[in-house]
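Here the structure is laid out as structure tokens; the discussion comes afterwards.
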Amino acid sequence: MEELQGVDLSPTARVPSIIEIAALIAGVVPFAITSSTLATETVNGRTVTWEYRDWLAIACGCMAGVGALVSAIQLRRTEPRKRALRIAILVGLLALGAVQILRGIGRIGADRPEVVSREEAMAAVEKNSEAAAKPAIGKADIEAATRRVVAAWAAGKTAEVLEAAHPDLKKELTPQKIDEIRHLPDARFGAFQKLDDKLAIRHENGSYFAAGQATYEKGKLDIAAEFMPVDGKPLLTHLKVDMADVTPPPAEADAVARRVLDGLLAGTIHDELFHPKLKENLPDDAGKQLKTLVGNIGKVKSIAAPAPYECKDPLSRYCTTQKVVGAKRKATYIAELALGWDGPRLTAFHLNIDPK
């Protein structure tokens with residue numbers, strides 16, 4: 001028995017152990033799979049409470065931590081030549097555990113907003129209320145800003161338009177896009193002449209709105225602008241040139257309505273002549289319905305001249321109706337149109353079989 005003195009007969013620990021392998025796997029799982037919850041509360045757009053939890057990351061982080069503890073315990077029973085590997089595993093598990101727990105509580109990897117106290121947020125509400133009740137910018141400033149922007153836009157001075165724009169609008173606008181919008185009215189209305197003398201100005205929810213009419217060579221269009229005050233200066237957030245109230249030329253509107261009708265009777269839907277909202281609302285089985293309808297009408301014998309019709313759709317500015325006589329049945333066609341940049345476009349249409 002004396003020969004055994006000084007000899008360590010304790011078993012050596014495997015590197016890596018099954019527990020370490022399991023802990024390493026657990027430590028990387030949350031990078032691929034998440035199970036998170038988020039609770040927030042805002043006051044006046046400011047975040048006052050923010051609580052993020054990824055419970056899977058927290059659980060896996062704890063498992064990695066347990067694996068690191070096991071590695072530390074087994075380090076004493078590890079062969080000298082394998083201790084460096086075990087230490088590396090230990091450090092890796094500690095790092096994975098810490099990272100996953102921090103990810104689990106939203107300290108890293110989460111889009112954490114600035115969190116302020118409720119008192120600070122409420123103070124901002126009072127400050128904003130006072131500012132809204134007492135505009136820092138007058139109507140004369142908004143009118144002058146509107147005229148400058150419209151004049152620069154119409155003259156193609158894109159740099160001046162961008163200079164007057166709010167940072168959020170600058171992200172959406174490019175000189176090319178400004179130029180494209182500027183030339184939209186040219187074909188139908190000619191060149192821009194002037195902005196009318198009277199503009200309607202109003203202040204609402206911290207923003208300023210200006211509206212008026214722009215005179216072109218061949219007519220007038222509505223123009224609306226929206227501004228937001230920044231450091232005492234109105235910055236453009238929206239500019240709209242609208243011809244929603246312009247009536248399409250009757251001859252052009254009648255021609256478009258008739259072309260759509262001829263297509264329908266031939267089994268074709270000319271949706272290129274539709275207003276975007278009509279295209280969106282067109283049923284998926286419109287072609288099938290049309291085929292059945294045309295079959296019930298039979299061969300077309302005659303189509304009456306268009307007659308005025310009272311518009312039903314809010315977008316419509318010109319409406320007409322025509323009688324269709326078929327070999328089997330008679331039908332009534334109704335077309336509602338609005339003026340688009342490319343000409344009259346259908347906002348609604350109906351082709352119905354007349355009662356016997």
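The values are calculated or read from the model by the stated rules, or taken from the named source; none is laboratory data. Just so it is clear, the model here is predicted, and its values are computed rather than measured. Quick reminder, even Gly has a Cβ in these numbers, built from the backbone with ideal geometry, and neighbours come from all protein chains shown.
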Pairs returned, first residue in the stretch 27-44 that is closer than 25 Å to Ile89 by Cβ and touching a residue at least 60 places away in the same chain (Cβ under 8 Å), second residue that is of a type in the set (Lys, Arg) and in a helix (DSSP H, G or I), beta-carbon separation under 9 angstrom, 6 or more apart or interchain, are Pro30/Arg103
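Can you tell me which residue is modelled with the highest pLDDT among those in the stretch 43-71 that are exposed (fewer than 14 other Cβ atoms within 10 Å of the Cβ) and of a type outside the set (D, E, K, R)? Write out each step before concluding.
First, pick out the residues of the stretch 43-71 that are exposed (fewer than 14 other Cβ atoms within 10 Å of the Cβ): 45, 49, 51, 55.
Add one more test, that the residue is of a type outside the set (D, E, K, R), and what stays is 45, 49, 55.
Numbers: Gly45: 72, Thr49: 84, Trp55: 87.
Top of the filtered list is Trp55.
Quick one: count up the residues across the stretch 332-350 that are among the small types (Gly, Ala, Ser) and surrounded by 23 or more Cβ atoms within 10 Å (Cβ to Cβ).
Taking the stretch 332-350 first, the residues among the small types (Gly, Ala, Ser) are 335, 338, 340, 343, 348.
Filter again for surrounded by 23 or more Cβ atoms within 10 Å (Cβ to Cβ), leaving 335, 338.
So the answer is 2.
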Note on the stretch 318-356: residues more than 14 Å from Ile297 (Cβ to Cβ) and among the acidic types (Asp, Glu) are Glu336, Asp342
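Only one of Ala191, Ala211, Ala224 is in contact with a Lys or Arg (Cβ under 6 Å, 6 or more places away or on another chain) and assigned by TED's automatic domain parsing to the domain that holds Lys177. Can you tell me which? Walk me through how you get there before you give the answer.
Numbers: Ala191 fails: in contact with a Lys or Arg (Cβ under 6 Å, 6 or more places away or on another chain); Ala211 fails: in contact with a Lys or Arg (Cβ under 6 Å, 6 or more places away or on another chain).
Step by step, each of Ala191, Ala211, Ala224 is checked, and only Ala224 is in contact with a Lys or Arg (Cβ under 6 Å, 6 or more places away or on another chain) and assigned by TED's automatic domain parsing to the domain that holds Lys177.
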Practice prompt. Evaluate the following for Arg53: is it outside any loop (DSSP other than H, G, I, E, B) and of a type in the set (D, E, K, R)?
Written response: yes
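Restricting to the stretch 322-338, name every residue that is in a strand (DSSP E or B) and more than 17 Å from Pro308 (Cα to Cα). Walk me through how you get there before you give the answer.
Applying the first criterion (in a strand (DSSP E or B)) to the stretch 322-338 yields 322-326, 330-338.
Val325, Gly326, Lys330, listed by residue number.
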Val29 passes all but one of the listed conditions (1) out of contact with any Ser or Thr (no Cβ under 9 Å at 6 or more places or on another chain); (2) on the phi > 0 side of the Ramachandran plot; the exception is number (2)
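With the condition kept exactly as written, say whether any residue in the stretch 222-235 is in contact with a strand residue (DSSP E or B) (Cβ under 7 Å, 6 or more places away or on another chain) and closer than 30 Å to Pro306 by Cβ. Walk me through how you get there before you give the answer.
At the first step, the residues of the stretch 222-235 found to be in contact with a strand residue (DSSP E or B) (Cβ under 7 Å, 6 or more places away or on another chain) are 222-228, 234-235.
When the remaining residues are screened for being closer than 30 Å to Pro306 by Cβ, the result is 222.
Yes: one or more hits.
Taking the stated definitions as given, is Lys277 modelled with pLDDT of 90 or more and of a type in the set (D, E, K, R)? Walk me through how you get there before you give the answer.
Details: modelled with pLDDT of 90 or more: no; of a type in the set (D, E, K, R): yes.
No.
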Given (1) among the hydroxyl-bearing types (Ser, Thr, Tyr); (2) within 13 Å of Pro248 (Cα to Cα); (3) in contact with a Leu (Cβ under 6 Å, 6 or more places away or on another chain), Ser316 misses just (3)
- prompt: If we scan the stretch 82-97, do we find a residue that is surrounded by 16 or more Cβ atoms within 10 Å (Cβ to Cβ) and either within 36 Å of the chain's Cα centre (by Cα) or not in a helix (DSSP H, G or I) (or both)?
  reply: no
When you scan the stretch 304-322, do you find a residue that is loosely packed, with under 15 Cβ neighbours inside 10 Å, in contact with a Pro (Cβ under 9 Å, 6 or more places away or on another chain) and not assigned by TED's automatic domain parsing to the domain that holds Leu184, even just one? no
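So that you can scan it fast, the table gives a plain yes or no per residue for (1) at pLDDT 80 or above; (2) closer than 19 Å to Ala210 by Cα; (3) among the charged types (D, E, K, R):
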residue: Trp153; (1), (2), (3): yes, yes, no
residue: Ala159; (1), (2), (3): yes, no, no
residue: Phe192; (1), (2), (3): yes, yes, no
residue: Asp197; (1), (2), (3): yes, yes, yes
message = Residue under question is Val66, and the condition is that it be touching a Cys at 6+ places or on another chain (Cβ under 9 Å) and assigned to a helix (DSSP H, G or I); does it hold?
response = no
Among (1) at pLDDT 80 or above; (2) over 30 Å from Asp231 (Cα atoms); (3) of a type outside the set (Ser, Thr, Tyr); (4) surrounded by 12 or more Cβ atoms within 10 Å (Cβ to Cβ), Val116 falls short only on (2)
